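S.K.: If you scroll down you'll find the structure; I have some questions about it.
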Amino acid sequence: MISNFFKKIDRVILSIFFIYASLSVQAQKNEIGIGLGVANYTGEIVQHIDVTNFKPAGQFYYRLNFNRVAALKFSTSIGMLGASDSKYNNAMADYRKASFSTIYNDVTAMFEYNFLDFSYTEKSNGKHFSPYISAGLGILNYKSTISDPDYKVNTIAQPIIPFGGGFKYRTNAHLTINFQFTINKTFTDAIDGIYDPAGSTKSITNSHSTDWYYYSGITVGYIFWKVICPQ
């Protein structure tokens, strides 16, 4: 079950979407979309991305396209993360026997740069395809099921730095298809439940590293060319 703070944070991002839409003028191209993908994690249990460890995830976004090369994207994502030492055959995993399962939600604001002057005019002969890069700031909330019964950390409103890139393709004046890969730098070492509370060595953790998580997916967006401004 998704906890109440996930629902509250979704209301915040939806409010942002509607505020931007209400303030936009016709010269700005507003885009909303939804996507499906997969999420992964690296930390104490999994030090490198394990392609067999992907979990389902999804995203809803609002994109404000300033011009052909620049855009600002607000998004909220929800997904699952998880891993278990029992899957990995090494001495540390055999001794620690840790595992976790997490439902997460994040809210991000990211600036996007299109390399090929991606065309955002209603009737244009410009390029309809472009790779892009993105970076920004965000907030992470998560709720974990942890093998350690003493797990007590703050899991609400954790800051993150998302960055990544992808490809955009516009099929016509209104529809776009996007592939994205986002890397999320966190400032917590407790997503997987293996952390160092007050110098404890119980969980055998690297106190000099934090947990990271990743999102990869395909989104379908719709561009609105005319927005009625409030009188």
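S.K.: Could you calculate the contour length gain from Leu175 to Trp212, that is, 0.36 nm times the residue separation minus the distance between their Cα atoms, to one decimal place in nm?
M.R.: Result: 10.1 nm gained on full extension.
S.K.: Now for a separate question. From the cross-link list Lys55/Lys87; Lys29/Lys143; Lys29/Lys185; Lys87/Lys143, which pairs have alpha carbons spaced over 27 Å apart?
M.R.: Flagged as over cut-off: Lys29/Lys143; Lys29/Lys185.
Values in this text are rule-based calculations from the coordinates and carry no lab data. Computed from a predicted model, the values in this text were never measured in an experiment.
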